[in-house]
Amino acid sequence: MRRRDLLAAGAALAVSGPLAAAPQPASLAAIARKSGRRFGSTMGGANFADPAYRALNAAQCGLIVPESEMKWVATRPDAKTFDFRAADAIVAWAKANGLGVRGHTLLWHYERWFPKWLVEHDFGTDPHKEAERLLAEHVRTVATRYASAVDSFDVVNEAIDPDTGLLRETALSRPLGGAEATIDLAFHTARQAAPHAQLVYNDFMSWTADDGKHRDAVLRLLEGMKKRGTPVDALGVQSHLGSKYSEAPTGLGNIDERAWRQFLDAVTGMGLDLLVTEMDVHDNPLPGAIGPRDQAVAAHVRAYLDLMLSYPQCRTVMCWGLSDKYSWLNAFRPRADGLPKRPLPYDAEFRPKPFRDAIAGALQAHPVLRG
Ligand code: XIL
């Protein structure tokens, strides 16, 4: 908090007296706004159907991103049809509550997450033309539909195999002439359809020492895109923090801050902005006791955001869910001791955790300096 705000808060307390209602702590959305940034989270499926959870999101977020509802698996029952009911519902709710919306994702360039029909699609006698038509039509249709509601799209998600550092190829990219041509087509089409939106490449390269291959590959991809004139505006840093390995001897990961800064310097050096798009913490290697576990997670988040928010190019911070009740990580790589994970800023009863304080503290400590 700045000195002026501290004085104002003190003055307000002095006049309110003991009978006045306890002042509501500022929302993460308000704290982020004051920092010159936006804070938000993802919603979708069962969690979007929970009225109490919707209220928590409306209270804390300035920005929402549909968890899966804009992906091909949700919008494309087959090669000819579009189904926007689920995505429309989230966008309408966000607008009704005065929240911004991010779009995720026009192409998850990872065959594992393709709808089955796309993997098995018959590209006919001119496969190149059909692949081009299918991708361009998809990106144009989705981006056009949401161009007025969404000001930032994850155009392409996870195009790199982190183990090899090579671009993935998919049932769509092979006939299209390879991953680069596919990525370029997605970005050019998105730019045409939503000319005012920020266009983002989104991936999960991280600050751990063992992730160098992934970081280098992302840099090569972005450099290539810039060289070819592909309209990319920003890198989405997913920020699924912590180690996925339960047995990791190094707690939440062996962090290489220097390598991470070099990476972020290179990205911003290309003129790209940064977003934290999907923050949560795999707490697998931490001991089960809740108090110390939550403290360790919060300290990790604080250190991470202190670094990320030292970049004025990073003006968006989003968690992949607000409450432990609804984290996707509950179903993904469970803890060895079988205990529920605690990856998010609010617990399963929607009570704030030290993770929430870590976000608030980091935002307050690193305002974007204007002018
Ligand atoms: C996840 C959703 O949270 C799950 O509900 C779904 O089953 C799979 O996708 N990186 C991404 C997100 O970019 O789209 C993923 O979301 C989490 C990892």
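The values are calculated or read from the model by the stated rules, or taken from the named source; none is laboratory data. Since the structure is predicted, the reported quantities are computational estimates derived from the model, not experimental observations. Glycine gets a Cβ as well: all are built from the backbone with ideal geometry, and neighbour counts include every protein chain shown. For accessibility, only protein heavy atoms count, side chains too; no ligands or nucleic acids. Shrake-Rupley method; radii C 1.70, N 1.55, O 1.52, S 1.80 Å.
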Every residue in the stretch 164-202 that is open to solvent by 10 Å² or more (accessible area, probe 1.4 Å), touching a Lys or Arg at 6+ places or on another chain (Cβ under 7 Å) and of a type in the set (A, V, I, L, M), please. Ala193
Cβ pairs under 6 Å, 6+ apart or interchain, first in the stretch 26-40 and farther than 18 Å from Thr277 by Cβ and without any contact (Cβ under 8 Å) to a residue 40 or more places away in the chain, second open to solvent by 20 Å² or more (accessible area, probe 1.4 Å) and assigned to a helix (DSSP H, G or I), ordered by first then second residue, are Ser27/Ala59; Ser27/Gln60
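Does Arg76 satisfy the criteria of being open to solvent by less than 40 Å² (accessible area, probe 1.4 Å), of a type in the set (Lys, Arg) and either under 30 Å from Ala32 (Cα atoms) or out of contact with any Phe, Trp or Tyr (no Cβ under 9 Å at 6 or more places or on another chain) (or both)?
On the way: open to solvent by less than 40 Å² (accessible area, probe 1.4 Å): yes; of a type in the set (Lys, Arg): yes; either under 30 Å from Ala32 (Cα atoms) or out of contact with any Phe, Trp or Tyr (no Cβ under 9 Å at 6 or more places or on another chain) (or both): no.
When the stated conditions are applied, Arg76 does not pass them.
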I need the full set of residues from the stretch 201-242 which are under 17 Å from Glu278 (Cβ atoms), out of contact with any helix residue (DSSP H, G or I) (no Cβ under 6 Å at 6 or more places or on another chain) and either away from the ligand (no atom under 16 Å from the Cβ) or among the β-branched types (Val, Ile, Thr) (or both), in order please. Thr208, Val218, Val237
Checking Phe350, Phe332 in turn, the sole residue that is among the hydrophobic types (A, V, I, L, M, F, W, C) and on the phi > 0 side of the Ramachandran plot turns out to be Phe350
The one condition in (1) closer than 17 Å to Thr208 by Cα; (2) in contact with an Asp or Glu (Cβ under 6 Å, 6 or more places away or on another chain) that Val276 fails to fulfil: (2)
Quick one: in the stretch 101-113, which of the residues that are open to solvent by 20 Å² or more (accessible area, probe 1.4 Å) and touching a residue at least 12 places away in the same chain (Cβ under 8 Å) is farthest from the ligand (Cβ to nearest atom)? Glu111
Scanning for something over 19 Å from the mean Cα position of the chain (by Cα) and among the hydroxyl-bearing types (Ser, Thr, Tyr), does the stretch 76-83 turn up at least one residue? yes
Any chance the stretch 65-87 includes a residue that's farther than 30 Å from Gly124 by Cβ and more than 14 Å from the ligand (Cβ to nearest atom)? no
Show the residue pairs that are 6+ apart or on different chains and have beta-carbon atoms under 6 Å apart, the first residue being within the stretch 324-339 and under 21 Å from Ser41 (Cα atoms), the second being more than 9 Å from the ligand (Cβ to nearest atom) and hydrophobic (A, V, I, L, M, F, W, C). Asp324/Leu344; Asp324/Ala348; Lys325/Ala348; Ser327/Leu344
If you take the residues of the stretch 151-163 that are open to solvent by 30 Å² or more (accessible area, probe 1.4 Å) and in a loop (DSSP other than H, G, I, E, B), which of them is farthest from Phe187 (Cα to Cα)? Asp163
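Which residues, taken from the stretch 102-150, are in a helix (DSSP H, G or I), of a type in the set (A, V, I, L, M) and under 20 Å from the mean Cα position of the chain (by Cα)?
Val139, Val142, Ala143, listed by residue number.
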